[in-house]
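The values are calculated or read from the model by the stated rules, or taken from the named source; none is laboratory data. Keep in mind that this is a model prediction, so the values were computed, not measured. A quick note on method: Cβ atoms are made from the backbone with ideal geometry, for glycine too, and the neighbour counts reach across all protein chains shown.
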Amino acid sequence: MKLSVEFPSIAYREGPAMVSKLARAIEEIGYDQLDMFDHVLMGYPTDTRSAPMYPPQMPIMEALVTLSYVAAVTDRIGLGTEVLVLPQRQPALVAKQISTLDTLSGGRVRLGVGVGWQESEFQALQEDFGNRGKRMDEAVQILRAYWQQERIDFDGEHYQIDAMAMEPKPPQGAKLPIWIGGNVPRALQRVGELGDGWLATAIEDVAVATRCVEKISGYAEAVGRDPSAIGLQMMLDVPPRDEAGMQFYANPDNVLRRATEVQQAGFEWGAVNATAMFQAGYKSVDAMIDQLGLIHNKLRSELG
């Protein structure tokens, strides 16, 4: 099983040097991928909207800037987003940012994208929340065009491009992987039709996860794609509902049991959430590094 770490923005509180130390340690321990969570803003509850999924004051470093910083202090580990809220960003700018990151990192980027869920964030960024799914479908096509074609022309419902060019191309070119997040039916269809992989949030019931994979395969086959070429990753920790859930990462055996279930459901990637480790009591970068090492050793020794 390949292993990804969702990088904890909370590390910034110990200073830039410790952010670098954590990124290098994740690579040196042997993890395959370092992913950044994405939100530009988090809204307060108001008279017209409920509280968001996360506290408004939750610290979230900008994903692509942080990955650029991490790229400069690492050599091997994959760099990605889990997931970038693509419809609230300009596709051409994202294409340029990712192309630059791939160039400067030596071709290590995997872009994870999703449609997002926080309407107030879209409003604050002056983007339409209601048509975000359709715009993301077009944006994925635009990204690949910018990364591959010398001259880019695009005539979509929401985006139009007239005879433009973007250089340099990323080292991976049009093969730069775009993985899609989300567990709702339309997200699964989008993975099958457009994605290079699926970034699944934690699904406790293995049978449900298996059915989701079967649906993705069906959507892929319907448009003439090879389902076996679509990668599969799932977050290992289930959102905690009580104190026991908060302690998931405190015992590597918990993580191993979950990773084994995920692997048996056909997923070749498992994602470790280092922010949840912070919530489990590993409040310093050094403590997180030590526990990430124990978890990695446990999973590698049992799952390969």
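Would you call residue 186 out of contact with any helix residue (DSSP H, G or I) (no Cβ under 7 Å at 6 or more places or on another chain) and basic (Lys, Arg)? It is false that residue 186 is out of contact with any helix residue (DSSP H, G or I) (no Cβ under 7 Å at 6 or more places or on another chain) and basic (Lys, Arg). State whether the residues of segment 107-124 include one that is free of Cβ contacts under 8 Å to residues at least 12 places away in the same chain and over 20 Å from residue 193 (Cα atoms). Checked against the condition, which is being free of Cβ contacts under 8 Å to residues at least 12 places away in the same chain and over 20 Å from residue 193 (Cα atoms), segment 107-124 yields at least one hit. Against the test of being assigned by TED's automatic domain parsing to the domain that holds residue 20, among the basic types (Lys, Arg) and over 28 Å from residue 232 (Cα atoms), the options 49, 132 yield a single qualifying residue, 49.
Each residue in segment 170-227 was checked for being in a helix (DSSP H, G or I), of a type in the set (A, V, I, L, M), touching a residue at least 12 places away in the same chain (Cβ under 8 Å) and not assigned by TED's automatic domain parsing to the domain that holds residue 105, and 10 pass. In segment 266-293, which residue that is touching a residue at least 60 places away in the same chain (Cβ under 8 Å) and outside any helix (DSSP H, G or I) is farthest from residue 4 (Cα to Cα)? So the residue we want is 284.
Might you let me know whether segment 144-160 holds any residue that is within 23 Å of the chain's Cα centre (by Cα), charged (D, E, K, R) and not in a loop (DSSP other than H, G, I, E, B)? Checking segment 144-160: at least one residue is within 23 Å of the chain's Cα centre (by Cα), charged (D, E, K, R) and not in a loop (DSSP other than H, G, I, E, B). When residue 275 is tested against (1) exposed (fewer than 15 other Cβ atoms within 10 Å of the Cβ); (2) within 22 Å of residue 204 (Cβ to Cβ); (3) hydroxyl-bearing (Ser, Thr, Tyr), exactly one condition is not met: (1).
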